[in-house]
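Report on one structure; see the data block that follows.
The values are calculated or read from the model by the stated rules, or taken from the named source; none is laboratory data. This is a predicted model, so every value here is computed, not measured. Quick reminder, even Gly has a Cβ in these numbers, built from the backbone with ideal geometry, and neighbours come from all protein chains shown. Accessible surface areas use protein heavy atoms only, side chains included; no ligands, DNA or RNA. Shrake-Rupley method; radii C 1.70, N 1.55, O 1.52, S 1.80 Å.
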Amino acid sequence: MAKKKTRTPIVAGNWKMNGLMSSKSELKTLAKHLKKQSKSACDVVICPPATLLKAFQSDVKGTRIKLGAQDCHQNQSGAHTGDVSAQMLADAGAKWIIVGHSERRTDHKETDALVCAKAGAAIAAGCGVIICVGETEAQRDKKMTLRTVGRQLKNSMPETANAGDVVIAYEPVWAIGTGRTPTNEEIAEVHGFIRSKLFARFGDEGKSVRILYGGSVKPANAREILAIENVDGGLVGGASLKAKDFWGIIKAYGAK
Ligand code: PEP
C-alpha cells in the first residue's frame, strides 16, 4: 500500500469525450468497489462529459464519488453559443472543474491567461479547481520542463485562489494516453518544484495543496507512482473509463 500521506489524496477520472447514459453501470460498479476501502483513504472524483453530470447525480448520492467537469467557460452567462459556464456545471452537480488540460490548451489554443480566467470562474461558482500543467516532449528534451511548468503555474493561478480551492495536476503532455511515464525521480523533481512554488504563492498553506500526477497511470504502475513524495493522487484518463481499472488504481491507497 502507498505510504500514509499527510494530505488526503485525490484520484480523479477524466472521461474526456467518452460516456453515454449506459455508462451509469460503471459508476455503480465503482461505488460497490469503494465500499471495500476506508472512506478516509482518498477522495474520488469522476469527470464525465457535461451531458452526464445531472444524470449521474442520483448514482453518486450516498457514495464517496464526487462529480467534476472537464472545462468551463470563463464567463458566468451570455452570448457564447455551445459553451457551458462554471455556475451551470455546479448547478448540474459538479464539485470540481478541470481547467487547462493539455488537450484543451492544444485543440482550443487555450492560453495561461484564459486558463486563469476559467479557474477564477470555477472558484467563483463554488467549485474546487484542478489546474493542469505539463511540458511537451520537445520542452523536456530542451530541458525546459521546470521553466514551462513554473510559467503555467504562475500564470494560470487566479489572484482570488486560496490554497483550499486548488489542486494542481502535473501531466507531461508526452505521457498522456501514450503508455509512457517519466521516471520516479523525474516525477519527484517536478512535484517538489511545484510544492516550492505553492509555498511561494500561499505561504505555509502551500503544504495543504494537493498535487496530482497524470499521464498513463494504470493499475500496474499506480502503487509506485502514488507513493512518490508530493504525489497526492492521480488524474487518470483512459484507465478511469472502466470501473475495474479505476478501482485497480484507487486501491493503491488500501482496501479492506
Ligand atoms: C489525462 O488525459 O488527463 C490523462 C492523464 O490521460 P491518460 O491517463 O489516458 O494518460
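For the stretch 24-71, the relative contact order works out to 46 percent when only alpha carbon pairs closer than 8 Å and six or more residues apart are counted.
The eigenvalues of the Cα gyration tensor, multiplied by 5 and square-rooted, give the stretch 23-122 an equivalent ellipsoid with semi-axes of 28, 15, 12 Å from largest to smallest.
Less than 5 angstrom separates the built amide H of Asn75 from none of the residues sequence-distant by 5 or more or on a different chain. Backbone phi angles across the stretch 140-149, fed through the Karplus curve with coefficients 6.51, -1.76 and 1.60 (θ = phi - 60°), yield HN-Hα couplings of 5, 4, 8, 6, 9, 4, 5, 4, 5, 5 Hz in residue order; Gly and Pro are listed as x. Taking the Cα centre of the chain as reference, the dipole from Cβ charges on Lys and Arg (+1) and Asp and Glu (-1) amounts to some 1000 debye. Using the Karplus relation 6.51 cos²θ - 1.76 cosθ + 1.60 with θ = phi - 60°, the per-residue 3J(HN,Hα) values for the stretch 93-106 come to x, 6, 9, 10, 9, 7, 10, x, 4, 4, 5, 7, 4, 7 Hz, with x marking Gly and Pro. Take each peptide in 241-247, 166-172, 156-162, count the other Cβ atoms within 10 Å of every residue, and average; sorted highest first, the result is 166-172, 241-247, 156-162.
What FRET efficiency comes out for Phe199 versus Met144 if R0 is 22 angstrom and r is the Cβ-Cβ distance? Round to the nearest 0.05. Efficiency, rounded to the nearest 0.05: 0.45.
Test of understanding: in a Gaussian network model of the chain with alpha carbons linked when under 10 Å, which of Thr106, Thr136, Thr29 would top the mean-square fluctuation ranking? Greatest mean-square fluctuation among the candidates belongs to Thr106. Contact order, relative form, for the chain: 23 percent (alpha carbon pairs under 8 Å, 6 or more residues apart, mean separation divided by residue count).
Shown here for the stretch 131-210: trypsin sites (Lys or Arg not before Pro) in loop regions (DSSP other than H, G, I, E, B) with at most 15 other Cβ atoms within 10 Å, namely Lys142, Lys143, Arg180.
Separation of the stretch 206-238 and the stretch 79-122, taken as the distance between their Cα centroids, equals 22 angstrom.
Across His33, His191, His108, mean-square fluctuation computed from a Gaussian network of the chain (C-alpha pairs under 10 Å connected) peaks at His108.
With 25 Å as the limit, the listed pairs Lys54/Lys242; Lys118/Lys154; Lys16/Lys109; Lys32/Lys118 have Lys32/Lys118 beyond it between alpha carbons.
Residues whose amide H comes within less than 5 Å of that of Leu212, counting only those at least five positions distant or on another chain, are Ile168, Ala169, Tyr170, Asp232 (H built at 1.01 Å from N in the peptide plane). Under Stokes-Einstein, with the Kirkwood radius over Cα pairs as Rh, the value for the stretch 124-256 at 4 °C and 1.567 mPa s is 85 µm²/s. Rolling a 1.4 angstrom probe over the protein heavy atoms with all chains in place gives the stretch 117-256 an accessible area of 41 Å² per residue. Database remark: amide H of Gly13 closer than 5 angstrom to the amide H of Val45, Ile46, Cys47, Val236 (H placed geometrically; neighbours at sequence offset of 5 or more, or on other chains; Pro and chain starts carry no H). Ligands, DNA and RNA left out, the accessible area of the stretch 178-255 computed with a 1.4 Å probe is 51% carbon and sulfur.
Per residue of the chain, the DSSP helices (runs of n ≥ 4 H) give a summed -39500 (n - 2.57) that works out to -11500 deg cm²/dmol at 222 nm.
Couplings for the stretch 26-40, taken from phi via the Karplus curve 6.51 cos²θ - 1.76 cosθ + 1.60 with θ = phi - 60°, read 5, 5, 5, 5, 4, 4, 5, 4, 4, 5, 7, 10, 5, 4, 7 Hz in order; Gly and Pro are left as x.
Relative contact order, whole percent, for the stretch 2-87 stands at 30, derived from Cα pairs under 8 Å and 6 or more residues apart.
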